[in-house]
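The values are calculated or read from the model by the stated rules, or taken from the named source; none is laboratory data. Keep in mind the model is a prediction, meaning the values are calculated, not measured. Quick reminder, even Gly has a Cβ in these numbers, built from the backbone with ideal geometry, and neighbours come from all protein chains shown. These area figures cover heavy atoms from the full protein model, side chains too; ligands, DNA and RNA do not enter into them. Shrake-Rupley method; radii C 1.70, N 1.55, O 1.52, S 1.80 Å.
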Amino acid sequence: MYAHIPESASILLIDDEPAIRENLQRFLRQRGYRTITASDSLEALGHVTDDSPDIVLVDATAPGPTGVRVVQEIKSRRMNASIVVMSAYPTLDQSVQAFRYGAEDYVTKPFEFVEVAKVLERVITKLRANTSDLEPTSVGDNGRPSSSKSHSRGRRARSSRSNQEWVRESKTALVGSSRAIKKVFAVIDRIAPTDSSVLITGATGTGKELVALAIHERSRRASGSFVDINCSAIPETLIEAELFGHQRGAFTGAHETRRGLFEEASGGTIFLDEIDALDLSAQAKLLRVIQERMLRRVGGRENIPIDVRIISAANGDLRAAIAKGKFRADLFFRLRVVPLHLPTLRERDNDVALLINHFLNRHAERNGLCPKHFSDEAMRALMRFPWPGNVRELENAVEYALAIGSEEVLGLDDLPPEFSQEGEPLNDSLKEDIPDNLPLIEVERRHIIKILQRFGGHQIKTATALGIDRRTLYRKLKQYDLMFSREEGISSIK
């Protein structure tokens, strides 16, 4: 099980803004993490020596000898701490350098604390997969934790379990009994034993990463690594080096040769999420690797054979992107040997109730809470809600209610803010006559507009209410050609 580890994970938080330090520390402690804070890099390096944190959460532009210095110092000492970089500027040189020196993950400012928690859980999952109770992670020649081995060991331990056991221990709950989700289960069972490339499509929050993992765990590669990467989370300047690795001296800051994610996934599966975020240059290089089954590291001359299964996912319409010249048709057909489309939560009949109970039990257990349940009134509100953010939004709503509610029975007042507006259920205020033949994409567009208007154009609040991150909301605003001004409200560019 991807377990939250409240007793043993310690985090060193480095940020020069007191409000961010205090609020984030409070949030992390509420989730059970032990936290140490520092206002600058010099203070932080002392903590690294004295307290040996498991994770260092550092602002790339931290004052003193920069946040990059912390990354360099930890890696040079062969410390076991994993690094997560924070920055408001994804293309800033410090952020790029931090990745090159071995940072594990990345958080873009401004962020929602829930986003930070999810990144930390991803990092902890890698540590958990390799050791028990957060024993030191082995560090490879490249100065990074041996994530390939840890993925392999964690996946192997679960690969032989029954479907029921696996569902019970799912990370994000591939749970349901509706006809729509059973079709997905059937496709997974049929395609898992093959090595065919799979392209998973579906709206945000439908569980694409979990489906990719399910395919891997039921394949002959289950004992190998499962390496997942969100293509939109890595700056364009780093994507080639991250995917294919680099040689020492290939660029400024490349002080050592490093394997890329394709090499780490050798013998297993690589999952390329949000594949539509790749620029055309990266697409061309990826196509060459898929065709030749070989790669060449950045700055290298040797062709390195690879043996990986490729599963990719996209939120947007790749055919539309091809028509606009933003995605290569030849790459699309290489990736889409087997297409698998995931249904939205609204298409899954009575699965909402099953998922609510699943999340109630899982998050109560994770946070050490007594079992709770929703009142009939709150349950009706949850069942009526349109869930544009799908399963992820539903999980966020359940977790919110558990955190806010003080009684065994959770009521309407314990639901997130989007469920009430001046005492009236928000979903009732959003009701309108929607034609039966209205495309789902238009339903989503209208819902985003309503929520955006409700929060006066505040994108972070809107994204939170929709159960998506701010970057996903921004992409959807661009996708639907929407603009917002506080004076004129929502308007269309078209």
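Okay, residues lined up against (1) within 15 Å of ASP59 (Cβ to Cβ); (2) in a helix (DSSP H, G or I); (3) touching a strand residue (DSSP E or B) at 6+ places or on another chain (Cβ under 8 Å); (4) at pLDDT 85 or above:
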position: MET1; (1), (2), (3), (4): no, no, no, no
position: ILE5; (1), (2), (3), (4): no, no, no, no
position: ILE11; (1), (2), (3), (4): yes, no, yes, yes
position: ASP16; (1), (2), (3), (4): yes, no, yes, no
position: ARG21; (1), (2), (3), (4): yes, yes, yes, no
position: ARG26; (1), (2), (3), (4): no, yes, no, yes
position: GLY32; (1), (2), (3), (4): no, no, no, no
position: LEU42; (1), (2), (3), (4): yes, yes, no, no
Worksheet item: Between a first residue in segment 12-27 that is in contact (Cβ under 8 Å) with a residue 12 or more places away in the chain and a second residue that is among the hydroxyl-bearing types (Ser, Thr, Tyr) and surrounded by 13 or more Cβ atoms within 10 Å (Cβ to Cβ), which pairs have beta carbons less than 6 Å apart while being 6 or more apart in sequence or on different chains?
Response: LEU13/THR35; LEU13/THR37; ASP16/SER39; ARG21/THR37; GLN25/THR35; GLN25/THR37
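Looking only at segment 292-309, which residues are surrounded by 17 or more Cβ atoms within 10 Å (Cβ to Cβ) and part of a strand (DSSP E or B)?
LEU295, VAL298, ILE304, ARG309
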Practice prompt. Please specify each residue of segment 320-335 satisfying the condition of being closer than 13 Å to ARG288 by Cα and surrounded by fewer than 16 Cβ atoms within 10 Å (Cβ to Cβ).
Written response: ASP330
Worksheet entry | Single residue of THR237, THR269, THR201 found to be touching a helix residue (DSSP H, G or I) at 6+ places or on another chain (Cβ under 8 Å), open to solvent by less than 30 Å² (accessible area, probe 1.4 Å) and within 26 Å of ASP317 (Cα to Cα) | THR269
Worksheet item: Pairs, please: C-beta under 6 Å, at least 6 apart or cross-chain, first residue at pLDDT 80 or above and in segment 431-451, second aromatic (Phe, Trp, Tyr) and part of a loop (DSSP other than H, G, I, E, B)?
Response: ARG445/TYR480
Practice prompt. Hey, can you tell me all the residues within segment 461-479 that are open to solvent by less than 40 Å² (accessible area, probe 1.4 Å) and under 18 Å from PRO416 (Cβ atoms)?
Written response: THR462, ALA463, ALA465, LEU466, GLY467, ILE468, THR472, LEU473
Worksheet item: Between a first residue in segment 374-399 that is touching a residue at least 24 places away in the same chain (Cβ under 8 Å) and closer than 16 Å to ARG362 by Cβ and a second residue that is assigned to a helix (DSSP H, G or I) and open to solvent by 30 Å² or more (accessible area, probe 1.4 Å), which pairs have beta carbons less than 6 Å apart while being 6 or more apart in sequence or on different chains?
Response: none
Discussion item. Under 27 Å from LYS478 (Cβ atoms) and crowded, with 21+ Cβ neighbours inside 10 Å: which single residue out of ILE275, ILE215 fits that description?
Written reply: ILE275
Worksheet, complete the sentence: Scanning segment 243-270 for residues that are among the aliphatic types (A, V, I, L, M) and part of a loop (DSSP other than H, G, I, E, B) gives ALA250, ALA254, ALA265
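Test ASN427 against the criterion of being among the polar types (S, T, N, Q), part of a helix (DSSP H, G or I) and at pLDDT below 80, and give yes or no.
yes
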Worksheet item: Among the residues of segment 354-367, is there at least one that is in contact (Cβ under 8 Å) with a residue 40 or more places away in the chain, aliphatic (A, V, I, L, M), assigned to a loop (DSSP other than H, G, I, E, B) and surrounded by 13 or more Cβ atoms within 10 Å (Cβ to Cβ)?
Response: no
